[in-house]
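Before any comments, here is the structure.
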Amino acid sequence: MEIPAKYNAIESEKHWYKYWMEHKLFKSVPDHREPYCIVIPPPNVTGVLHMGHMLNNTLQDVLIRRARMSGKNACWVPGTDHASIATEARVVNKLAKEGINKFEIGREKFLEHAWDWTHKHGGIILEQLKKLGASCDWDRTCFTMDEARYESVIKVFVDLYNKGLIYRGVRMINWDPQAKTAVSDEEVNYTDVKSKLYYVKYYVADDNNKATSDFVVVATTRPETIMGDTAVCVNPNDERYAHLKGKKLVVPMVNRIVPVIFDEYVDPTFGTGALKVTPAHDLADYELGMKHKLEVIDIFNDDGTLNEKAKVFVGEDRFRARELSVKMLEENNLLAKVEDYNNKVGLSERTNAVIEPRLSTQWFLKMKDLSKPALDNVLNNNIKLHPHKFVNTYKHWMENVKDWCISRQLWWGQRIPAYYLPDGDYVVAETAEEALKMAKQKTGNNNLQLSDLTQDEDVLDTWFSSWLWPLSVFDGIRKPNNDEVKYYYPTNDLVTAPEILFFWVARMIIAGYEYAGDKPFRNVYLTGIVRDKQRRKMSKSLGNSPEPLELIEKYSADGVRVGMLLCSPAGNDILYDEALSEQGRNFGNKIWNAFRLVKGWKIDSNIPSPEHSKIAVEWFNNKLNKAIADIDRMYDEYRISEALMAVYKLFWDDFSSWYLEMIKPEYQKPIDAATYKATVDYLEKLLHLLHPFMPFITEEIWQLIDTRKEGESIMISQMPKAQGYNEQLLTDFDVIIEAIAHIRNIRKTRNMSYKDKADLLIRDHNKNYNARFEPVLIKMAGLETVSITSEKVDNTDSFMVLSTEFYLKTGITIDKEAESLKIKEELEYTKGFLASVMKKLSNERFVSGAPAQVVEMEKKKQADAEAKIKALEERLAALN
RNA sequence: GGGAGAUUAGCUCAGUUGGUUCAGAGCACCUGCCUUACAAGCAGGGGGUCACAGGUUCGACCCCUGUAUCUCCCACCA
């Protein structure tokens with residue numbers, strides 16, 4: 001068969017993915033084998049693949065493919081998330097462009113549009129994952145809003161409500177005026193902004209509530225909320241304001257009469273030491289308001305414009321109202337001064353709108369008791385976080401967990417199953433029919449109709465559906481203990497970003513213990529954030545994010561996968577550089593060429609194996625088994641990046657540069673059968689080790705290197721297991737490798753061609769040289785003869801490995817001065833080394849205190865160094 | 001403001017319960033090679049006071065204290 005000189009990645013990747021799909025190689029059904037399961041962190045249904053997904057899913061695919069090749073029943077469950085805020089925002093935008101307003105068309109019509117959008121754009125991202133080589137069991141694809149998942153969410157809500165864990169309450173929440181919804185604390189990002197601090201005069205009122213000439217100056221960054229002020233607060237220990245006790249003030253612009261209250265919360269050193277209190281629009285003020293029983297005046301509409309209660313600037317946007325307020329204050333001589341000021345404002349993670357603290361009726365989930373097992377089982381390592389350092393952050397959060405606001409003022413999502421009765425009371429039930437039954441019971445009114453009930457308008461937070469994911473994908477909420485859940489749950493590994501450790505990971509753990517009585521996964525691998533070379537987060541607006549599919553086209557999926565993994569130790573940020581994908585592609589090329597070399601040899605079963613090949617085969621076998629053991633350990637520790645590097649070096653350095661060069665027959669000569677067989681076996685084993693990282697090229701070569709039956713695949717073949725290896729043999733061989741490098745270096749400095757033969761004399765003092773490997777030395781260093789000598793050799797190039805002297809007779813006159821200098825340097829170094837060893841050995845506390853093994857080692861070092869010094873001195877003397 | 005982590009080669013990172021002169025890897029860099037598997041390559045090479053200052057120890061990149069710088073998380077200072 002003719003092997004193409006260039007590997008055609010595009011063709012190959014398309015072909016093999018199709019092959020895997022056709023033969024249902026990703027499919028998993030429960031059987032007698034040990035399960036290995038990963039549930040995908042569901043990407044937004046209408047999202048597109050970005051670099052973060054690439055990294056995350058490559059890692060999952062590596063883990064799942066390795067498990068599959070290790071005899072486990074590997075199941076990777078894919079799916080998407082309905083992402084209520086993000087998706088609804090997109091649909092609203094799309095409709096807006098068509099001149100359609102969501103409130104005009106109503107809930108039902110809007111949801112139709114949303115589903116249309118979902119069907120049209122949903123799943124694109126899953127198709128993109130296939131390009132990456134993701135071996136998901138696509139038959140299991142789930143969506144957080146499909147029927148099973150929707151019903152699971154509702155069931156859980158009702159259950160938690162019945163357990164008394166869900167309640168309704170008025171709370172200060174983070175309001176996103178653009179999306180017109182509440183967002184959780186975790187979805188607010190605080191950023192520093194340059195703003196102004198306005199100093200506003202509040203006049204003291206007399207007994208008739210008329211302004212006197214006395215006033216208090218209050219500093220504020222938000223003059224547009226003055227209309228909602230219901231008090232001014234000062235510190236009780238602040239003598240400047242002691243005279244205000246019992247006084248009232250006139251709120252500027254609206255002339256409301258409000259009390260002066262005293263609370264130690266106020267920092268006398270900030271601003272003027274006087275704080276305006278707007279309970280409706282500031283969390284701290286709200287708490288002050290509750291404490292001092294102040295009136296709460298909400299002056300905003302849900303879109304961030306002012307309402308009638310503001311009395312002035314009604315209908316104006318909050319930022320416009322700020323400008324207008326400043327102007328009005330100025331005109332009325334109420335503005336004492338304005339300062340530049342840096343403060344923080346909260347931005348909505350989804351819409352980037354400035355968050356407005358707002359009072360609102362929301363649904364909450366009590367977290368304290370629920371989260372207890374989730375905390376305990378991470379602290380006791382029942383669930384392991386990798387890297388472990390995230391446990392601290394996790395602990396801190398779980399110990400300070402607050403009730404979870406689970407309602408969202410949106411339509412796209414699971415609608416809260418609370419049904420209101422005409423009198424304002426409500427019942428919670430899985431269906432309207434059930435609700436009606438309960439309502440009749442509750443009210444004693446049997447005439448109630450379905451039409452008398454009104455379902456809550458809000459939907460549930462998206463995380464309230466994704467926290468059930470590891471269970472709901474197996475329908476384990478609706479049908480607890482079904483065969484699939486019993487088999488796959490708890491799942492094995494979860495791969496996700498640390499940013500959603502609390503949003504998602506912690507909550508899945510909570511739900512897992514509540515609804516399955518067990519952890520949802522055993523290990524959590526936390527990846528880093530993908531950044532560019534300048535450490536900037538990759539984002540669309542910066543335009544610094546490469547288009548994943550273009551990268552794949554350019555460097556192949558295998559290449560990009562390797563590129564992602566090369567720079568991604570767990571938990572560290574990924575500084576992505578396209579050069580890494582290039583490195584990945586080059587590696588693929590290297591593998592292809594090694595394969596071409598091996599496949600190109602003619603086999604002659606009548607010739608015996610040359611000695612150097614026998615040694616090479618023996619050596620590589622040991623090298624390979626040591627590497628497999630190392631790689632296994634790295635996987636166990638989730639050091640995926642290092643495991644890849646180990647395979648990379650094994651293939652490139654040990655296999656290609658050393659092994660293949662050692663066994664390579666002379667040009668156009670055949671290879672003996674035994675060596676060939678061993679080589680193909682090694683190549684196959686290497687392909688297996690490489691497969692999780694580079695699924696496509698390894699499949700291509702695996703299929704070409706031997707005849708395979710239809711339906712066979714490397715992805716379902718067995719990963720090589722670590723056998724024992726001979727450490728001494730490897731150590732001895734390292735001496736040979738080092739000697740070869742030295743000889744090559746001498747050839748280079750002497751301008752000798754590889755074909756100029758030379759003779760090597762070896763003078764071994766401490767048995768560091770294993771003569772058995774001589775044939776390799778001869779072949780790799782291009783030597784005529786190798787002989788052992790006990791005499792010193794003059795006037796030749798020489799070098800030492802450990803305490804063994806090597807003399808290379810090249811026939812070229814040596815440069816005595818250069819040689820002498822070289823020896824002197826080495827002598828000085830070795831003497832220093834010996835001195836440090838002797839210092840230790842002459843120290844009685846070291847000899848008696850250190851472990852015997854360490855002392856032995858030092859003695860060996862002493863012997864080696866002394867021998868080396870002696871040899872060097874002799875050589876130096878010989879030169880003079 | 002509170003908490004966590006980091007600082008090792010030009011860059012990104014390893015360094016496994018103190019013990020080979022232990023200072024490593026990959027990339028980048030330098031030099032020589034188009035040697036019929038591979039120039040997307042081969043061979044060779046240079047490069048670091050392990051952030052800084054003390055301390056513990058026979059011995060410190062590793063343990064302790066302090067300093068500096070950085071990153072992340074949490075937090076209601078107008």
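What the table shows:
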item: Residue in the range A:509-520 that is surrounded by fewer than 24 Cβ atoms within 10 Å (Cβ to Cβ), in contact with a Ser or Thr (Cβ under 8 Å, 6 or more places away or on another chain) and either in a loop (DSSP other than H, G, I, E, B) or at pLDDT below 85 (or both) present; result: no
item: Enumeration of residues in the range A:356-406 that are more than 14 Å from RNA strand B (Cβ to nearest atom) and among the aromatic types (Phe, Trp, Tyr); result: A:363, A:364
item: Test for residue A:3: is it within 16 Å of RNA strand B (Cβ to nearest atom) and assigned to a helix (DSSP H, G or I); result: no
item: Residues (assigned to a strand (DSSP E or B) and within 43 Å of the chain's Cα centre (by Cα)) located in the range A:216-233; result: A:220
item: Residue, farthest from RNA strand B (Cβ to nearest atom), within the range A:524-575, restricted to residues that are among the polar types (S, T, N, Q) and modelled with pLDDT of 80 or more; result: A:527
item: Among the candidates A:288, A:294, residue that is part of a loop (DSSP other than H, G, I, E, B), within 16 Å of RNA strand B (Cβ to nearest atom) and more than 26 Å from residue A:340 (Cα to Cα); result: A:294
item: Members of the range A:93-133 that are among the small types (Gly, Ala, Ser), over 24 Å from residue A:465 (Cα atoms) and buried (at least 16 other Cβ atoms within 10 Å of the Cβ); result: A:133
item: Residue list for the range A:20-51, restricted to those being buried (at least 22 other Cβ atoms within 10 Å of the Cβ) and assigned to a helix (DSSP H, G or I); result: A:51
item: Considering residues of the range A:631-653 that are in a helix (DSSP H, G or I) and of a type in the set (Lys, Arg) only, the residue farthest from residue A:691 (Cα to Cα); result: A:633
item: Qualifying residue in the range A:647-656 (condition: in contact (Cβ under 8 Å) with a residue 12 or more places away in the chain, more than 10 Å from RNA strand B (Cβ to nearest atom), farther than 30 Å from residue A:602 by Cβ and buried (at least 17 other Cβ atoms within 10 Å of the Cβ)); result: no
item: Scope the range A:848-863; condition over 48 Å from the mean Cα position of the chain (by Cα) and surrounded by 12 or more Cβ atoms within 10 Å (Cβ to Cβ); matching residues; result: A:862, A:863
item: 1 or more residues crowded, with 16+ Cβ neighbours inside 10 Å and more than 47 Å from the chain's Cα centre (by Cα): qualifying helices (runs of 4 or more DSSP H) within the range A:684-797; result: A:727-749, A:774-781
item: Tabulated pairs, the range A:850-867, first in contact (Cβ under 8 Å) with a residue 12 or more places away in the chain, second more than 8 Å from RNA strand B (Cβ to nearest atom) and of a type in the set (S, T, N, Q), C-beta under 7 angstrom, 6+ apart or interchain; result: A:863/A:766; A:864/A:766; A:864/A:803; A:867/A:766; A:867/A:803
item: Enumeration of residues in the range A:217-241 that are closer than 16 Å to residue A:313 by Cα and either touching a Phe, Trp or Tyr at 6+ places or on another chain (Cβ under 8 Å) or more than 8 Å from RNA strand B (Cβ to nearest atom) (or both); result: A:223, A:224, A:225, A:226, A:227, A:228, A:229
item: Residues that are more than 6 Å from RNA strand B (Cβ to nearest atom) and either among the hydroxyl-bearing types (Ser, Thr, Tyr) or within 28 Å of the chain's Cα centre (by Cα) (or both), drawn from the range A:581-595; result: A:581, A:582, A:584, A:587, A:588
item: Tally of residues being more than 30 Å from residue A:178 (Cβ to Cβ) and either surrounded by 14 or more Cβ atoms within 10 Å (Cβ to Cβ) or of a type in the set (Val, Ile, Thr) (or both) across the range A:394-418; result: 2
item: Residues of the range A:267-285 satisfying the condition of being assigned to a helix (DSSP H, G or I) and crowded, with 22+ Cβ neighbours inside 10 Å; result: A:285
item: Candidates A:699, A:684, A:738, A:642 - the one that is touching a residue at least 60 places away in the same chain (Cβ under 8 Å), among the acidic types (Asp, Glu) and within 20 Å of residue A:592 (Cα to Cα); result: A:699
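Results for (1) charged (D, E, K, R); (2) in contact (Cβ under 8 Å) with a residue 24 or more places away in the chain; (3) over 22 Å from residue A:461 (Cβ atoms), shown as yes or no for each residue.
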| site | (1), (2), (3) |
| --- | --- |
| A:374 | no, yes, no |
| A:383 | no, yes, yes |
| A:393 | no, yes, no |
| A:413 | no, yes, no |
| A:431 | no, no, no |
| A:434 | yes, no, yes |
| A:437 | yes, no, yes |
| A:444 | no, no, yes |
| A:447 | no, no, yes |
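The values are calculated or read from the model by the stated rules, or taken from the named source; none is laboratory data. Everything quoted here is computed from the prediction, not taken from an experiment. Please note: Cβ atoms are built from the backbone with ideal geometry, for glycine as well, and neighbour counts cover all protein chains shown.
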